[in-house]
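Single-structure report; data block below.
The values are calculated or read from the model by the stated rules, or taken from the named source; none is laboratory data. Not measured: the values here are computed from a predicted model. Backbone-built Cβ (ideal geometry, glycine too); neighbour counts: all protein chains shown. These area figures cover heavy atoms from the full protein model, side chains too; ligands, DNA and RNA do not enter into them. Shrake-Rupley method; radii C 1.70, N 1.55, O 1.52, S 1.80 Å.
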Amino acid sequence: MSFHPLMLYDPERFQRSERRLLEEGEPFTFAPERRAALDELLTKYPPDRKRSAILAALYLVQEQQGYLTANAVRHVGGILEMTPAEVEDVATYYVMFFKEKVGKHVVQVCRTLSCALAGAERVTEALSHTLGIAPGETDPSGMFTLLEFECLGACDRAPVVMVNNEDWHERVRPEDCGRLVEDIRARGPAASSGCHLRIERP
Ligand code: FES
């Protein structure tokens, strides 16, 4: 069987699953303040709708240990009365949840159409060159991870780079990337705050 008369059927290519299991990780329980935050959120939902807090719970995991592990998924499932498979289904659907260890600063370049047309690939290349890593990799110091992302919803300000799922840099040019990386390196997370205001142009 083939998807197209001119497309050769290649079982190696079409039947290979790229799904990877989450690593087990360290034993996981929420730190008291994060558990309290989750419990507070759960009061907003009916008792039989605890699972509605799943995204918030996964963000709390990520805040605590940087990425999701199988142990954390089981812990969240126990609290929200979901099976680990149900939690993992959600976790693996959303790209903002990291499934493996990432650097202190996760630099994500949007690669969807508007950003692609505005030169996102050149921005990724420049970041890759500056950081010395390919997209998907973390530098040896554990400071930076470079990722390509899908539409961040700021298509009119393409290309967009997001740092740590929080701070946005808009209309980024390849020549801005060295300065952006050095700024984050020198000033840490504070450099992310409002960076887009410096990089954004009329
Ligand atoms: S295409 Fe990049 S933000 Fe929408």
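Some points to look at:
- Conditions (1) within 16 Å of the ligand (Cβ to nearest atom); (2) in contact with a Gly (Cβ under 9 Å, 6 or more places away or on another chain); (3) of a type in the set (Lys, Arg): number failed by ARG171: (2)
- Within the range 120-132, being surrounded by fewer than 20 Cβ atoms within 10 Å (Cβ to Cβ), of a type outside the set (Gly, Ala, Ser) and away from the ligand (no atom under 16 Å from the Cβ) holds for GLU125, HIS129, THR130.
Results for (1) on the phi > 0 side of the Ramachandran plot; (2) more than 16 Å from the ligand (Cβ to nearest atom), shown as yes or no for each residue.
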| site | (1), (2) |
| --- | --- |
| ALA72 | no, yes |
| GLY78 | no, yes |
| GLU81 | yes, yes |
| ARG111 | no, no |
| ALA118 | no, no |
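- Annotation note: Cβ proximity below 7 Å between a residue of the range 32-55 that is of a type in the set (Ser, Thr, Tyr) and a residue that is open to solvent by less than 50 Å² (accessible area, probe 1.4 Å) (sequence gap 6+ or interchain) occurs for TYR45/ALA53.
- From the list ARG13, ARG19, the one residue that fits, being modelled with pLDDT under 90, in a loop (DSSP other than H, G, I, E, B) and under 30 Å from ILE133 (Cβ atoms), is ARG19.
- For the range 83-109, a tally of residues being within 16 Å of the ligand (Cβ to nearest atom), crowded, with 16+ Cβ neighbours inside 10 Å and in a loop (DSSP other than H, G, I, E, B) returns 0.
- Filtered residues of the range 133-168 (kept if of a type in the set (Ser, Thr, Tyr) and either within 16 Å of the ligand (Cβ to nearest atom) or surrounded by fewer than 17 Cβ atoms within 10 Å (Cβ to Cβ) (or both)): SER141
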